[in-house]
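Structure record follows, encoded as structure tokens.
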Amino acid sequence: MGKDVIIACDFASAEKTFEFLDKFTGRKPFVKIGMELFYAEGPSIVKEIKKRGHKIFLDLKLHDIPNTVKKAMNVLSNLDVDITNLHASGTTAMMEAAIEGLTRPDGTRPLLIAVTQLTSTSQESMENDLLIKEPIDEVVMHYASNAKKAGLDGVVCSPLEAGKVHERCGSDFLTITPGVRFADGDIGDQKRVMTPAEANKIGSDYIVVGRPITAAVDPVAAYERCVAEFIG
Ligand code: C5P
């Protein structure tokens, strides 16, 4: 899979999601389904969107004991999604078990991506709540290296970290980056943002874009603009 724009379908119901996806009569965008929509609608929403011809990033961020994650990943492998993810903080053993569970009998599997430290976690909360005293950038890079060693395909990270992740883990280790905004757009609650063109330049493989597309007056035009700026 090459570079692509993934639309974060942060909707609360199947109805709202399909109302949005129905606008795309030409190209079928790659979509991200998160916890809200998945917990509201269950696996049927994944199957339904897949049937409509979209690629899917199922963003459920698994984190549990290795055996439980392995079994859960085995169930997810049957949903035929293209990308799914977990928390690297679950340890290398958990990530290795996840890969085993996700791999289908024919040897194929969805891409598996790790969340390193959430962007909502600050240096202060990491030190005080988690008792991790290292600089957060180092923790992110260390978790990325663990993910690579465990056989995962990449990490979710800020576009500002994508270059460094590629330096540390290789150019074929994927970076999926949220926090993307148009140069003339509203940044909302995102703190550190980049434009699609900047994200491309710094080496993001996939950008995850939500509100700049979902809340646009013309979502299809906003999506096409995003693709044009990111991929050219
Ligand atoms: O609307 P917006 O473009 O900010 O949406 C970004 C998407 O990426 C949301 O689904 C959000 O949960 C997700 N995300 C993020 N930052 C992270 C990880 C995921 O914004 N560090």
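The values are calculated or read from the model by the stated rules, or taken from the named source; none is laboratory data. This is a predicted model, so every value here is computed, not measured. Glycine also receives a Cβ, built like all others from the backbone with ideal geometry; neighbour counts cover every protein chain displayed. Just the protein is used for accessible areas: all its heavy atoms, side chains included, with ligands, DNA and RNA removed. Shrake-Rupley method; radii C 1.70, N 1.55, O 1.52, S 1.80 Å.
Taking residue 102 as the residue in question, decide whether it is open to solvent by less than 10 Å² (accessible area, probe 1.4 Å) and more than 14 Å from the chain's Cα centre (by Cα).
yes
If I filter the stretch 77-84 for residues that are closer than 21 Å to residue 142 by Cβ, in a loop (DSSP other than H, G, I, E, B) and within 16 Å of the ligand (Cβ to nearest atom), do I get at least one hit?
no
Out of the residues in the stretch 187-219 that are over 30 Å from residue 170 (Cβ atoms) and modelled with pLDDT under 95, state the one that is farthest from the ligand (Cβ to nearest atom).
My answer is 187.
Right, residue 69: buried (at least 17 other Cβ atoms within 10 Å of the Cβ) and either at pLDDT 95 or above or not in a helix (DSSP H, G or I) (or both) or not?
Considered against the rule, which asks whether it is buried (at least 17 other Cβ atoms within 10 Å of the Cβ) and either at pLDDT 95 or above or not in a helix (DSSP H, G or I) (or both), residue 69 comes out as yes.
Go through the stretch 122-161 and give me each residue that's more than 27 Å from residue 97 (Cα to Cα) and of a type in the set (Lys, Arg).
Residue satisfying the conditions is 133 alone.
Out of everything in the stretch 122-134 that is surrounded by fewer than 16 Cβ atoms within 10 Å (Cβ to Cβ) and within 24 Å of the chain's Cα centre (by Cα), what residue ends up being nearest to the ligand (Cβ to nearest atom)?
Looking at the filtered set, the residue picked out is 122.
Before we move on, is residue 137 within 19 Å of residue 114 (Cα to Cα), in a helix (DSSP H, G or I) and away from the ligand (no atom under 12 Å from the Cβ)?
Against the criterion (within 19 Å of residue 114 (Cα to Cα), in a helix (DSSP H, G or I) and away from the ligand (no atom under 12 Å from the Cβ)), residue 137 qualifies.
Return yes when residue 181 is touching a helix residue (DSSP H, G or I) at 6+ places or on another chain (Cβ under 7 Å), in contact (Cβ under 8 Å) with a residue 24 or more places away in the chain and surrounded by 13 or more Cβ atoms within 10 Å (Cβ to Cβ) and no when it is not.
It is true that residue 181 is touching a helix residue (DSSP H, G or I) at 6+ places or on another chain (Cβ under 7 Å), in contact (Cβ under 8 Å) with a residue 24 or more places away in the chain and surrounded by 13 or more Cβ atoms within 10 Å (Cβ to Cβ).
Go through the stretch 25-46 residue by residue and tally those that are out of contact with any strand residue (DSSP E or B) (no Cβ under 7 Å at 6 or more places or on another chain) and surrounded by 13 or more Cβ atoms within 10 Å (Cβ to Cβ).
6
Out of 198, 229, which single residue is more than 15 Å from residue 140 (Cα to Cα) and either of a type in the set (Phe, Trp, Tyr) or open to solvent by 70 Å² or more (accessible area, probe 1.4 Å) (or both)?
198
Residue 104 - would you say it is basic (Lys, Arg) and either within 16 Å of the ligand (Cβ to nearest atom) or part of a helix (DSSP H, G or I) (or both)?
no
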